[in-house]
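Below is one structure, written out as structure tokens; the observations come after it.
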Amino acid sequence: MRLGMIVAMDLDGVIGRDSDLPWHLPADLKHFKDTTMGCPMIMGRRTYDAIGRPLPGRTSVVLTRDDEWYVPGVEIVNSIAEALDIAGIDAGADGWAWVIGGGAIYAALLPHCEQLLVTHVEARVEGDTWFPYIDWDQWVEVSREEHPVNDKNTIASAVATYERA
Ligand SMILES: NC(=O)c1ccc[n+]([C@@H]2O[C@H](COP(=O)([O-])OP(=O)(O)OC[C@H]3O[C@@H](n4cnc5c(N)ncnc54)[C@H](OP(=O)(O)O)[C@@H]3O)[C@@H](O)[C@H]2O)c1
């Protein structure tokens, strides 16, 4: 399995507010869908609750410490090791699996990832959840795609791909 992380953050690393995303960016939702389609996605239980359903065409691997939490149609796991095992089985040896958040899960799985897909949202927004500390010297930007403001996307953003330096 090849493990990547996909995240959108503002200029200060804000990723969430009130259990939701702090922005509505259709271009980024499309980028998320195109990237993750057909791949297992590892997420925390709070992020699953924010999404509210298993997304079609992708295995949802949901981390929780609550033994009684149950939702049909998702892979429920209680440890990082178990999440990696299940995602690895589904992705196969050469396939990608994506860590899709939120803050707690990004922090736990960053050391395991070989690629980061970061949507840099070109704004400063109010928030209550941040991307964890990252040593950017350990990563090199290999591509960047700009998404300017348009009638559907009211904040400019750029999707950058980082690989380990
Ligand atoms: N901007 C983005 O790209 C992006 C992406 C995803 C999410 N978000 C935002 O981020 C926020 C949610 O992030 P969050 O940090 O609060 O929550 P989270 O990371 O989504 O989920 C945290 C939960 O995961 C479970 N968990 C964490 N570590 C675990 C471990 N080692 N073993 C087993 N279970 C574990 C626990 O669930 P239990 O409490 O059930 O035990 C914990 O409460 C929301 O606002 C969401 O919209 C933003």
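Taking the criterion of being within 16 Å of the ligand (Cβ to nearest atom) and not in a strand (DSSP E or B), the residues of segment 120-153 that qualify are 122, 123, 124, 125, 126, 127, 128, 131, 132, 133, 134, 153. Each residue in segment 120-148 was checked for being under 17 Å from the mean Cα position of the chain (by Cα) and under 14 Å from residue 25 (Cα atoms), and 2 of them qualify.
Starting from residues that are assigned to a helix (DSSP H, G or I), more than 9 Å from the ligand (Cβ to nearest atom) and free of Cβ contacts under 8 Å to residues at least 24 places away in the same chain, keep the ones in segment 70-94 and report whichever is farthest from residue 36 (Cα to Cα). Looking at residues that are assigned to a helix (DSSP H, G or I), more than 9 Å from the ligand (Cβ to nearest atom) and free of Cβ contacts under 8 Å to residues at least 24 places away in the same chain, I get 81. The residue pairs whose first member lies in segment 9-32 and is basic (Lys, Arg), whose second member is surrounded by 12 or more Cβ atoms within 10 Å (Cβ to Cβ), and whose beta carbons are closer than 7 Å, counting only pairs six or more residues apart or on different chains, are 17/127; 17/128.
Scanning segment 14-49 for residues that are within 10 Å of the ligand (Cβ to nearest atom) and at positive phi returns 18, 19. How about segment 26-73: which of its residues are within 30 Å of residue 148 (Cβ to Cβ) and of a type in the set (A, V, I, L, M, F, W, C)? Across segment 26-73, the qualifying residues are 27, 29, 32, 37, 39, 41, 43, 50, 51, 55.
One residue alone among 160, 97, 108 is in contact with a strand residue (DSSP E or B) (Cβ under 9 Å, 6 or more places away or on another chain), over 20 Å from residue 64 (Cα atoms) and either within 14 Å of the ligand (Cβ to nearest atom) or not in a helix (DSSP H, G or I) (or both), and that residue is 160. Looking at this structure, is residue 57 buried (at least 17 other Cβ atoms within 10 Å of the Cβ) and either at pLDDT 95 or above or under 28 Å from residue 123 (Cβ atoms) (or both)? Here the answer is no, as residue 57 does not meet what is asked.
Here residue 97 meets each of (1) in contact with a helix residue (DSSP H, G or I) (Cβ under 6 Å, 6 or more places away or on another chain); (2) surrounded by fewer than 12 Cβ atoms within 10 Å (Cβ to Cβ) with one exception, condition (2). Reported count of residues in segment 59-69, each being within 14 Å of the ligand (Cβ to nearest atom) and either in contact with a strand residue (DSSP E or B) (Cβ under 7 Å, 6 or more places away or on another chain) or polar (S, T, N, Q) (or both), is 6. Here residue 1 clears all of (1) farther than 19 Å from residue 145 by Cα; (2) within 10 Å of the ligand (Cβ to nearest atom); (3) touching a residue at least 24 places away in the same chain (Cβ under 8 Å) except the condition numbered (2).
The values are calculated or read from the model by the stated rules, or taken from the named source; none is laboratory data. Just so it is clear, the structure is predicted and the values come from calculations on it, not from any experiment. A quick note on method: Cβ atoms are made from the backbone with ideal geometry, for glycine too, and the neighbour counts reach across all protein chains shown.
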